[in-house]
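This report refers to the structure that appears directly beneath it.
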Amino acid sequence: MTRTTAARDGAATADGAPAVVLREATASLGGRPVLRGVGLTVERGETVALLGANGSGKSTTIRAVLGQVPLTGGELELFGTPAARFRDWRRLGYVPQRSTAAAGVPATVREVVSAGRLARRRFRPLGREDKAAVRHALERVGLADRMRDPVDALSGGQHQRVLIARALAAEPELLIMDEPLAGVDVTSQDVLAETLRRQVEQGTSVLLVLHELGPLAPLIDRAVVLRDGVVERVADPATLHDPACHPHDSASAAEPASKIGTGFLS
Ligand SMILES: Nc1ncnc2c1ncn2[C@@H]1O[C@H](COP(=O)(O)OP(=O)(O)OP(=O)(O)O)[C@@H](O)[C@H]1O
């Protein structure tokens, strides 16, 4: 069964509403409008990339989906429920930008990943099933052998893998990631791509902010390109390397389209 078919079949189940529907969403930060009418849908089982230049509103959009930035207008629905009534936040997993998470925290790899399971347990002690989920998540990202190490002893790419394992340990139905490849070497990028591919195969919906498509390109179902807080374009994966997808990328204006395959809006 193809991923698309799986998603379609998922949509036929009782709980088949899209993972995310954002309609005409507006939001302000520091008194300034940052989102100016963003529309975005992530169907069940779909992987959607948010692209756009620096400051276009990508992180703010996903923070709005996570309920961290209040909407001043428009609508947000999660799994078919208006955000104001949505309580099942454990269905969402979040991988923040690396620089903002777990830096300087005196914790082991296992403790950080276990934290991803705690919300699901409503902060009761972890049971056998939880511990197995933590180990499984660490195996997924190739760090099972480092679980007793302090997170501060890891490289940047390994650190990123820990944050992804933390989100995976909660077994989310929707995984939201903010620039998961930023500052990550090619080997770790490949590990992350493989981890994500297996997750998507199991039906997880994914919304992620990217600057570089890199090894994640084959996983992307749709790319939503933001500009100045509005959706400038929704691109089909087949056109992702089309220079028209990123008209504000100075490199794309200067180089032939065939050279743009390795980067996107960067
Ligand atoms: N806490 C804040 N207070 C005020 N303005 C903010 C705040 N956070 C972000 N902004 C502004 O909101 C706009 C959108 O920021 P956002 O982080 O969503 O952009 P982005 O597309 O994710 O950018 P980047 O690619 O640089 O990460 C920017 O102009 C930014 O300066």
* Asked: Does Ala169 count as buried (at least 20 other Cβ atoms within 10 Å of the Cβ) and closer than 20 Å to Val134 by Cβ?
  -> yes
* Structure fact -> Given the conditions (1) away from the ligand (no atom under 16 Å from the Cβ); (2) touching a residue at least 40 places away in the same chain (Cβ under 8 Å); (3) of a type in the set (D, E, K, R); (4) surrounded by fewer than 17 Cβ atoms within 10 Å (Cβ to Cβ), every one holds for Asp190 apart from (2)
* Could you check, for the range 194-210, whether at least one of its residues is more than 21 Å from Arg44 (Cα to Cα) and at pLDDT below 90? => no
* Asked: Residues Ala19, Ala25: which one is at pLDDT 95 or above and under 21 Å from Pro218 (Cβ atoms)?
  -> Ala19
* Structure fact -> Here the residues within the range 26-65 that are within 11 Å of the ligand (Cβ to nearest atom) and either assigned to a loop (DSSP other than H, G, I, E, B) or of a type in the set (Gly, Ala, Ser) (or both) are Ala27, Ser28, Gly30, Gly31, Gly52, Ala53, Asn54, Gly55, Ser56, Gly57, Ser59, Ala64
* Every residue from the range 152-208 that is acidic (Asp, Glu) and under 24 Å from Asn54 (Cα atoms) -> Asp178, Glu179, Asp185
* Structure fact -> Counting only residues in the range 13-25 that are part of a strand (DSSP E or B) and surrounded by fewer than 17 Cβ atoms within 10 Å (Cβ to Cβ), the one nearest to the chain's Cα centre (by Cα) is identified as Arg23
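The values are calculated or read from the model by the stated rules, or taken from the named source; none is laboratory data. Predicted model only: the values in this text are computed from it and were never measured. Every residue, glycine as well, gets a Cβ built from its backbone with ideal geometry; the counts of neighbours run over all protein chains shown.
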